[in-house]
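First comes the structure, then the notes that go with it.
The values are calculated or read from the model by the stated rules, or taken from the named source; none is laboratory data. Computed from a prediction, not measured in an experiment: that's the story for all the values here. Here the Cβ is made from the backbone with ideal geometry for all residues, glycine too, and neighbour counts use every protein chain on show. In case anyone asks, the SASA skips ligands and DNA or RNA and just uses the protein heavy atoms, side chains included. Shrake-Rupley method; radii C 1.70, N 1.55, O 1.52, S 1.80 Å.
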Amino acid sequence: MASLRPRGSDDLGLRRALSDRLLPLLVAAMVFLAALAMAGAIAAAGLAAHWRGGAASLLTVQVPQPEGRAEAVALVLEHTPGLTTRRLDAAEVADLLRPWLGQDAARLSLNLPAVFEVRTDPVTGPQAAQFDAALERAAPGTLVERNGAWFARLVALAGSLQACAALAVVLVACVGAAVVAVAARAGLAARRDAIEIVHGLGATHGMIASRFAGRVTLLAFLGALLGVAMAVPVLLGLASLTAPFQAQTLAAPAQDDPGSLFAALPPLLWELLPALPVSAALIGWVTTQITVRTWLARLP
Amino acid sequence: MVRLDGVGLRYNNGPLVLEDLNFALAPGAFRWLLGPSGAGKTSLLRLLTLSVRPTTGRLSLLGVPIEQARRRDLPPLRRQIGMVFQDFRLLPHLSAFDNVALPLRLAGRPEGQLRVDVGEMLRWVGLMRRAEARPAELSGGEQQRVAIARAVIGRPALLLADEPTGNLDDAQAIRLMQLLAELNRLGTTVVVATHNDSLVARHPGRALRLHEGRLTEETAVSVTGLATPGRRATDRIA
C-alpha cells in the first residue's frame with residue numbers, strides 16, 4: 001500500500017490530533033479494571049472448582065459416646081468402597097470445640113464424640129441413604145453432616161461472581177471500544193481538512209483508515225501496558241490479603257522471594273495478563289477502522 | 001476525456017447550483033472557465049475533481065462514467081486529476097516538499113525517484129530554498145506556487161485550476177501560463193477558472209461561460225479578449 005510519507009512520519013498530523021496522553025491513560029484505566037475483573041473471575045472459578053471437586057465431597061461423621069461404637073463405625077467406613085477416611089484425634093476435636101468449650105475442654109470431663117473426616121468419591125462413593133443406614137446399624141445415633149448442600153450454594157455463589165466478573169470484563173472492553181471510537185471521531189474532526197485534501201488527491205479509504213488505526217493501536221497498546229503494570233502490584237497485594245483463604249491452592253507471597261511473588265497469582269492469570277495489551281490494541285485497531293471507514297463513507 | 005450530459009448539481013436540499021450542463025472536452029483540450037462570482041465555476045470544478053457527484057445527468061471523466069463507477073474506482077481516477085485550489089488547500093503540518101510529494105507518494109512512487117522529481121519541481125517554481133518551510137511560513141504567492149507544483153507533479157491527464165494566478169506577480173503568472181501551455185501541448189486537458197481578463201486576453205483560447213449555474217455559451221476568446229460566440233478556435237491554449 002502506498003504511504004503518504006516515509007515510514008514513521010506523521011502523514012495526517014495525527015500525533016497532535018490523537019494525543020499520546022489522554023487516550024493511553026483512559027485505556028490504562030480500562031485495562032486496570034479488566035485485570036482486576038479477570039483476576040476476580042479466575043479466583044471465583046478456582047474456588048468453585050475447589051469446592052465442587054474437593055470440599056463438596058467432604059462428610060463429617062460424629063459418633064456420640066464413642067467407646068466401643070467408634071470402632072464399629074470405623075469398620076463400616078473402612079469397608080465401604082469410594083471413601084477416604086481419617087479420624088480426628090482428641091486435640092483436633094478439642095480445637096473444633098474450642099469456640100464453645102474454651103481452652104480447657106479436656107478438664108471438663110466431657111464425653112466428646114469421635115469425629116471422622118470422610119471424603120467420598122463422586123462416582124464410586126455410596127448412596128447417602130444406604131450409607132446413613134449402615135452407620136445407624138453400626139452405632140445408633142451416629143450423625144452424618146454433609147457439606148455438599150452448603151458447598152453447592154457456595155459454588156452457585158462463586159459461579160455468580162464469576163459471571164459478574166466476566167460481564168465486567170466485557171463491559172470494560174465495550175467502554176474501551178467506545179472511548180477509542182470517541183477519540184477517533186475527535187481525531188477525524190480535528191483533521192477533517194487534511195483528510196479531505198488527501199482523499200481528493202486519490203488516497204483510498206483503506207489508506208486513511210490505516211493511518212488512524214496505526215496511531216490508535218500504538219496508543220492503546222502502550223496504555224494497556226501501563227494498565228497491566230499498575231494492576232500487577234495491586235493483584236499481588238490482594239493475593240497476599242486473601243492468602244489465608246486460598247492456602248490450599250496458592251502460595252502466600254513472600255516479599256523477598258520473586259518466585260513466591262510469581263506463585264501468588266494463578267498461572268492462568270499470568271498467561272492472560274499479557275493478552276490484555278494485545279486485546280486492547282486489537283480493539284483499538286478494529287474500532288478505529290470501523291469508525292474512520294464509516295466517516296469516510298460520507299465522502300463521494 | 002470529459003463529457004457532461006444534462007448535468008445538474010445541488011448541495012443537500014438546496015437549489016440547483018448547476019443546471020443542465022452539456023459539453024465535452026477532448027484529450028489535450030484547453031478551456032477557460034469564465035463567469036461572474038456565484039455563477040457556479042467552483043462547483044463545476046468540484047464536480048470535475050470528484051469532490052461531489054452530479055445530482056442529475058451523466059458525467060464521464062477520463063472515459064469513466066461516474067454514476068456507474070464503484071467507490072474503489074474513484075481514487076485511481078482522482079490521482080489522474082490535478083487541481084489548483086483558490087485557497088491552496090495545503091496540509092499545514094507538512095513542509096512544502098512533502099506537500100508537493102503527496103500525489104507521488106499516493107501513487108506509490110519510490111522515495112528516491114520522488115525526491116528528484118519534487119526537487120526539480122520546487123526549483124521550477126522557485127521554492128527550492130523554501131522546501132522545508134511549512135505553509136504558514138510561506139507568503140500567499142509561495143503557497144500558490146506550492147499548490148501549483150502539487151497539482152502538476154504527477155503529470156495529470158486533467159488539470160483544473162481555480163484562479164491560479166490570483167496571488168502571483170506578473171512574471172510568475174506568465175511562467176505559470178507557460179507551464180499550463182506546455183502541459184496542454186503534451187496532452188493534458190486543462191480547465192482554468194479565472195476573473196483575470198487580461199490573462200485571458202494574453203492567452204486566447206476557447207472558454208466555457210457560466211451564468212447562474214447554466215452554461216450560456218462556449219466561445220472562442222480572441223487575442224483582444226473579446227468573446228466571439230460560436231467561432232471555432234483551436235482547442236489548445238495560445
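What the table shows:
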{"read-out": "Condition check for B:S51: within 14 Å of chain A (Cβ to nearest Cβ) and open to solvent by less than 20 Å² (accessible area, probe 1.4 Å)", "value": "no"}
{"read-out": "Check on B:G63, buried (at least 17 other Cβ atoms within 10 Å of the Cβ), at positive phi and more than 10 Å from every other protein chain (Cβ to nearest Cβ)", "value": "no"}
{"read-out": "Strands (runs of 3 or more DSSP E) contained in the range B:155-214 and holding at least 1 residues in contact with a Gly (Cβ under 9 Å, 6 or more places away or on another chain) and open to solvent by 30 Å² or more (accessible area, probe 1.4 Å)", "value": "B:206-211"}
{"read-out": "Tally of residues being without any contact (Cβ under 8 Å) to a residue 40 or more places away in the chain and either surrounded by 15 or more Cβ atoms within 10 Å (Cβ to Cβ) or touching a Ser or Thr at 6+ places or on another chain (Cβ under 7 Å) (or both) across the range A:136-150", "value": "1"}
{"read-out": "Residue ID - surrounded by the most Cβ atoms within 10 Å (Cβ to Cβ), chosen from residues in the range B:109-147 that are more than 14 Å from every other protein chain (Cβ to nearest Cβ) and basic (K, R)", "value": "B:R145"}
{"read-out": "The range B:86-108: number of residues that are more than 7 Å from every other protein chain (Cβ to nearest Cβ) and modelled with pLDDT of 90 or more", "value": "11"}
{"read-out": "Residue within the range A:151-166 that is among the hydroxyl-bearing types (S, T, Y), surrounded by fewer than 14 Cβ atoms within 10 Å (Cβ to Cβ) and farther than 30 Å from A:L83 by Cα present", "value": "yes"}
{"read-out": "Count of residues meeting criterion [modelled with pLDDT under 95 and open to solvent by 40 Å² or more (accessible area, probe 1.4 Å)] in the range A:276-300", "value": "2"}
{"read-out": "Given (1) within 19 Å of B:L168 (Cα to Cα); (2) within 10 Å of another protein chain (Cβ to nearest Cβ), index of the condition B:I81 fails", "value": "(1)"}
{"read-out": "Selection count, the range A:1-41, where residues are assigned to a helix (DSSP H, G or I) and either at pLDDT below 90 or of a type outside the set (V, I, T) (or both)", "value": "22"}
{"read-out": "Per-region count, the range B:61-113, residues part of a helix (DSSP H, G or I), in contact (Cβ under 8 Å) with a residue 12 or more places away in the chain and small (G, A, S)", "value": "2"}
{"read-out": "Answer residue from the range B:34-48, given it is part of a loop (DSSP other than H, G, I, E, B) and open to solvent by 40 Å² or more (accessible area, probe 1.4 Å) and is farthest from the other protein chains (Cβ to nearest Cβ) among those", "value": "B:P36"}
{"read-out": "Of all residues making up the range A:180-220, the number that are open to solvent by 10 Å² or more (accessible area, probe 1.4 Å) and away from every other protein chain (no Cβ under 14 Å)", "value": "9"}
{"read-out": "Flag for A:F131 being of a type in the set (F, W, Y), away from chain B (no Cβ under 14 Å), more than 30 Å from B:R71 (Cβ to Cβ) and in a helix (DSSP H, G or I)", "value": "yes"}
{"read-out": "Any pair with Cβ under 6 angstrom, 6 or more apart, that starts in the range A:18-41 at a residue that is open to solvent by less than 30 Å² (accessible area, probe 1.4 Å) and ends at one that is of a type in the set (D, E, K, R)", "value": "A:L18/A:R215"}
{"read-out": "Selection status of A:A189, assigned to a loop (DSSP other than H, G, I, E, B), of a type in the set (A, V, I, L, M) and assigned by TED's automatic domain parsing to the domain that holds A:L26", "value": "no"}
